[in-house]
Amino acid sequence: MQKEYGAFKGLGVLTCLALLLASVAAQATAAFDEQRMGAHLIGTIEGPEVITDPTRMPTQFQEAPTLAALVEQEKLPPVTERLPAEPLVIKPLHAIGTYGGTWHRGFTGPADKWSGYRCCAFDTLTYVDFRGEKLVPNVVKDWQVSDQGRTFILFLRQGMKWSDGTPFTADDFVFWYEDMFLNEELNPTRHQVMSINGKPGALEKVDPYTIQFKFPEPYYLFLELLAAATPLGGHAYQGLFSMGGYAPKHYLKQFHPNYADSDAVQKIVQAEGYDNWVNLFRFKNDWALNVDLPVITAWKTVLPINQTTWMLERNPFYWAVDTAGNQLPYIDKVVMTLAEDLEVLNLRAISGEYDFQARHIDIQKLPVLLENQERGGYEVSLDPMENGSDYGIWFNLAYDADPEIAQWLNNRDFRRALALGIDRDQINEIFFLGIGIAGSVAPAENNPYSPGPEYRTRWATYDPHRANQMLDAIGLVNKDQQGFRLRTDGEERLQLELATLGSQFVQHTQISEMVREHWKQIGIEVFVKEHERSLWGTRAGANEGQLFAWGNDGTDSLFIFPFWLVPLQGGHWVSSPYGAWFASSGMRGKEPPAPMRRVMDLYKRGFMVPFEERVEIGKQIWRIHLDEVWHLGVVGQAGAVMGVRVVSNRMGNIPDRQANLNTYKPPALSRPQTFFFKR
């Protein structure tokens, strides 16, 4: 192998690796085939611990040398003045880390904000342990629940500060609630997360470090929603949508007409090139774009995401420490380098340019990644998700631009026939190295909401003969000379469009081309069209899509992250008008068909009941979804969605395996604040 590698000397790194891939692929695949299911890459879930026992809390505090130098120069207050009275205390997984270094990652463009949310945005009010099973403190130090799940009192950390040193208090919550959430220009359709059973709740200030959420009916799931990727999931993730639960009042009020002179705001709007104050405000509150925005995350954006390098630096006022009293994070900077397509990003991973990367790593590169571990100075691990589909196909039931196509997308037997017309085993072998589980979009059998093992194969086996019979039975009988079925409103061929996204963690376009070949055997012609991610969001929001290739990551946490199960908000990538209808309680959008309304009703009911009853409701939801085939499952649980993890050998406190629960934004579950570079 060294001899082959030497033949490419003098070429650029990426060119060299591209050529090298061809020469090593056969050897690498042969070696990988010895343990084809990848069991040796799946370790034991482990992670750091959040300390809540007062007797284990440190009493003396230290800081990074770079910050100590600024204190020495009187450019920063001492660390004891920057930390809250009761900081969050994290026991690192393996060792107390050392300060310094830059964490190198990749991202795919301005729409790829999740690359930053996952590594660096840990500002949810509550959070979960590393297994994703138990609620633990985070931004709030404690909470109380009363009135049978109607009232939630949250206790903030006294002395906690924004990244510019301004106190973080209950006023930041009141500002968000009264001036952002309730503002009809910023939030014309108020999200249902602040309501229960269609009845709105309210946020109140108790004192400077205590807030209270009150709801008219029991809201048993509320605290869990504060921990996850939901509209109440923190300022960094949701600020640009005017959600998140809190916002820096002292900074944002200068752009808000409730506080600033309207003429002064308008001058800023014009000077910065915005149409109105709302768009200006949203930019100013965007964690990934506005370098001046005060934050409470471990790292703060200093070069925005719309550049070729997205850079974040440590927050000197970050409110967490390790068990030895060292202010976190250990790592100084996070630098994400633009890779304009998936191939470039993966080649960089293979060459060892990234320190920790799982997002966008292509599972088809797994053999070559393993082959190059020693040369690249990294280790490869596999973190499978529990959701059912790493690749699947959505039907846009709300599509109405072409009545003929809309008719068939809304025909359950048409959807079922297409599901039976896919050879999942072939796709699993070719695109997922045989690691995945072929079948429906049902969650793993060990998931509490699993409707039962029989649903893995429900409308999810390869049976082209039956598929052809079903298509004939619903009236698609006539075919042209090439064997493709004709529309029933004329002599033209029935043609569908399957949308995919480029530069993603799964090769959606290539897999979709294989599906296209499978569907030829049942007389259905489909054209695969790849889109840039933000452009597809615009098209989908305008209800232009017919079929869309994507997984259902996050649905293993059914009630917390249900968005790839059923549309629940406007702008959803599939059936957007139905989501707008649900979010507005029927005031906007389009009323869904009866089975989807039933699922929406069950979903709302799940928030109001204890866990045991919620589990049974979840199973009902899955049964309806799988029988209706709204999302056609193909292959899941392969680790293909952000589960192929490439980590530098120099990084410490890295878990053997991490829970790949999308709703908690891994690797956040592993507390990257405690990652460090070994010396």
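The values are calculated or read from the model by the stated rules, or taken from the named source; none is laboratory data. Note that this is a predicted model, so its numbers are computed, not measured. Cβ atoms come from the backbone with ideal geometry, glycine included; neighbour counts cover every protein chain shown.
Conditions (1) crowded, with 18+ Cβ neighbours inside 10 Å; (2) in contact with a Phe, Trp or Tyr (Cβ under 6 Å, 6 or more places away or on another chain), marked per residue:
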residue: V174; (1), (2): no, no
residue: P188; (1), (2): no, no
residue: G198; (1), (2): no, no
residue: E204; (1), (2): no, no
residue: E217; (1), (2): no, no
residue: Y220; (1), (2): yes, no
residue: L225; (1), (2): yes, no
residue: A236; (1), (2): yes, yes
residue: Q254; (1), (2): no, no
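Could you say which residue among Y209, Y177 is in contact with a Lys or Arg (Cβ under 8 Å, 6 or more places away or on another chain) and either within 24 Å of K665 (Cβ to Cβ) or not assigned by TED's automatic domain parsing to the domain that holds N315 (or both)?
On inspection, the qualifying residue turns out to be Y209.
Out of region 437-481, which residues are basic (K, R) and within 27 Å of K619 (Cα to Cα)? Even if it seems obvious, please write down each step before you answer.
Restricting attention to region 437-481, the residues satisfying the condition of being basic (K, R) are 456, 458, 466, 479.
Listed by number, the residues that qualify are R456, R458.
Scan region 484-525 for residues that are in contact (Cβ under 8 Å) with a residue 60 or more places away in the chain and of a type in the set (K, R) and jot them down.
Across region 484-525, the qualifying residue is only R487.
Would you kindly identify the strands (runs of 3 or more DSSP E) lying entirely within region 100-215 that contain at least 2 residues that are out of contact with any Leu (no Cβ under 8 Å at 6 or more places or on another chain)? Don't jump to the end; show me each part of the working.
Working: elements: 102-107, 126-128, 135-137, 142-146, 151-155, 202-207, 210-214.
Passing ranges, in order: 102-107, 142-146, 151-155, 202-207.
What is the number of the single condition among (1) out of contact with any Ser or Thr (no Cβ under 9 Å at 6 or more places or on another chain); (2) at pLDDT 95 or above that E445 does not meet?
Result: E445 passes all but (2).
Could you please tell me which pairs satisfy a Cβ distance under 6 Å, a separation of 6+ or placement on different chains, a first residue in region 336-365 that is outside the structural domain of G376 (by TED's automatic domain parsing) and surrounded by 24 or more Cβ atoms within 10 Å (Cβ to Cβ), and a second residue that is outside any helix (DSSP H, G or I) and of a type in the set (V, I, T)?
Once the first residue is outside the structural domain of G376 (by TED's automatic domain parsing) and surrounded by 24 or more Cβ atoms within 10 Å (Cβ to Cβ) and sits in region 336-365, no partner that is outside any helix (DSSP H, G or I) and of a type in the set (V, I, T) comes close enough.
Within region 310-358, how many residues are aromatic (F, W, Y) and outside any loop (DSSP other than H, G, I, E, B)? Don't jump to the end; show me each part of the working.
Just the residues of region 310-358 that are aromatic (F, W, Y), to begin with: 310, 317-319, 330, 354, 356.
Now drop any that are not outside any loop (DSSP other than H, G, I, E, B), which leaves 310, 356.
Count: 2.
Modelled with pLDDT of 95 or more, in a helix (DSSP H, G or I) and in the same structural domain as P667 (by TED's automatic domain parsing): which single residue out of L76, L19, L14, L70 fits that description?
Working: L76 fails: in a helix (DSSP H, G or I); L19 fails: modelled with pLDDT of 95 or more; L14 fails: modelled with pLDDT of 95 or more.
The conditions single out L70.
Suppose the filter is within 18 Å of the chain's Cα centre (by Cα) and outside any loop (DSSP other than H, G, I, E, B); does A499 pass it?
Details: within 18 Å of the chain's Cα centre (by Cα): no; outside any loop (DSSP other than H, G, I, E, B): yes.
Criteria not met by A499.
Quick grid of which residues meet (1) under 17 Å from the mean Cα position of the chain (by Cα); (2) hydrophobic (A, V, I, L, M, F, W, C); (3) outside the structural domain of N306 (by TED's automatic domain parsing):
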| position | (1), (2), (3) |
| --- | --- |
| G97 | no, no, no |
| W103 | no, yes, no |
| A111 | yes, yes, no |
| K134 | no, no, yes |
| V140 | no, yes, yes |
| W143 | no, yes, yes |
| G149 | no, no, yes |
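The conditions are (1) surrounded by fewer than 19 Cβ atoms within 10 Å (Cβ to Cβ); (2) out of contact with any strand residue (DSSP E or B) (no Cβ under 7 Å at 6 or more places or on another chain), and Y246 fails exactly one of them. Which is it?
(1)
Sort through G483, G475, G452 and tell me the only one that's among the small types (G, A, S), closer than 30 Å to T555 by Cα and assigned by TED's automatic domain parsing to the domain that holds G439.
Details: G483 fails: closer than 30 Å to T555 by Cα; G475 fails: closer than 30 Å to T555 by Cα.
G452 is the lone residue from the list that is among the small types (G, A, S), closer than 30 Å to T555 by Cα and assigned by TED's automatic domain parsing to the domain that holds G439.
So which residues in region 415-443 are part of a loop (DSSP other than H, G, I, E, B), more than 23 Å from the chain's Cα centre (by Cα) and within 15 Å of G639 (Cβ to Cβ), if there are any at all?
Let us first name the residues in region 415-443 that are part of a loop (DSSP other than H, G, I, E, B), namely 421-423, 432-436, 439-443.
Imposing the further condition that a residue be more than 23 Å from the chain's Cα centre (by Cα) reduces the set to 421-423, 433-434.
Across region 415-443, the qualifying residues are L433, G434.
Take S450 and decide whether it is of a type in the set (S, T, Y), in contact with a strand residue (DSSP E or B) (Cβ under 6 Å, 6 or more places away or on another chain) and either surrounded by fewer than 17 Cβ atoms within 10 Å (Cβ to Cβ) or on the phi < 0 side of the Ramachandran plot (or both).
Numbers: of a type in the set (S, T, Y): yes; in contact with a strand residue (DSSP E or B) (Cβ under 6 Å, 6 or more places away or on another chain): no; either surrounded by fewer than 17 Cβ atoms within 10 Å (Cβ to Cβ) or on the phi < 0 side of the Ramachandran plot (or both): yes.
No, not satisfied.
Which of (1) at pLDDT 95 or above; (2) under 19 Å from the mean Cα position of the chain (by Cα) does Q212 not meet, given it meets every other one?
(2) is the only condition that Q212 fails.
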